[in-house]
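Structure first, commentary second.
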Amino acid sequence: MIGYDVEVKGLKEQLDKLSKIDEIAGPKLRSAMLNSVQGIDNQARDNAPVGLTGEVRSGFRHKVGYYSGSGSDVWGLVENPTFYARMLEFGTQPHWPPSGPGTKIDQWASSHGTEAFLVARKIARTGVKARRFLARGFREVRPAIDTLFAGALRQIAEALKV
């Protein structure tokens, strides 16, 4: 009878390293994600309209976390909770916005020497044009993000070598 003997060298060591993948990959991926969302945050902030109060520009925040059950599945978020940031980012259909005394439109119109009614009427006729400052920020930072994650993956692969 013909038989084969197979000896795999380094299998136990490799399996030991793979069992620690979350410990090896988690910190590297989290660092790449954190640097990525910080870059998007900064670029979106630079792209955002200043307006009268600077609320949209100063309203960005970011965070990074792990999906439950894994130390290497990371997520990142860049957001702006300012009430009208979404309207500026995506634009709006024509609508009649609040324009009474003390509203943002009233403040903006007063600072530009016009009447809030005229600004509101323009929005009612044409809507608000999308400014896309956050999406543009992501596009502008994307090459750096790709580089960050490629570097993290190289470091992980190196750490997993036996």
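For the reader, a short list of remarks on this structure follows.
- Hits in the stretch 29-63 - residues which are out of contact with any strand residue (DSSP E or B) (no Cβ under 8 Å at 6 or more places or on another chain) and hydroxyl-bearing (S, T, Y): S31, T53, S58
- Screening the candidates A135, A109, A152 for the property of being assigned to a helix (DSSP H, G or I) and within 30 Å of Q14 (Cβ to Cβ) yields one hit, A152.
- The criterion of at least 2 residues that are at negative phi and surrounded by fewer than 16 Cβ atoms within 10 Å (Cβ to Cβ) is met, among helices (runs of 4 or more DSSP H) falling completely within the stretch 3-89, by 11-18, 21-47.
- Among residues that are modelled with pLDDT of 95 or more, more than 17 Å from R136 (Cβ to Cβ), of a type outside the set (V, I, T) and assigned by TED's automatic domain parsing to the domain that holds A144, S31 is included.
The rows are residues; the columns are (1) farther than 30 Å from R125 by Cα; (2) of a type in the set (K, R); (3) modelled with pLDDT under 90; (4) outside the structural domain of L153 (by TED's automatic domain parsing).
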position	(1), (2), (3), (4)
D16	yes, no, yes, no
S19	yes, no, yes, no
Q38	yes, no, no, no
N42	yes, no, no, no
P49	no, no, no, no
E55	no, no, no, no
G59	no, no, no, no
W75	yes, no, no, no
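The values are calculated or read from the model by the stated rules, or taken from the named source; none is laboratory data. Model, not experiment: these values are computed from the prediction. Every residue, glycine among them, receives a Cβ derived from its backbone with ideal geometry; neighbour counts consider all protein chains shown.
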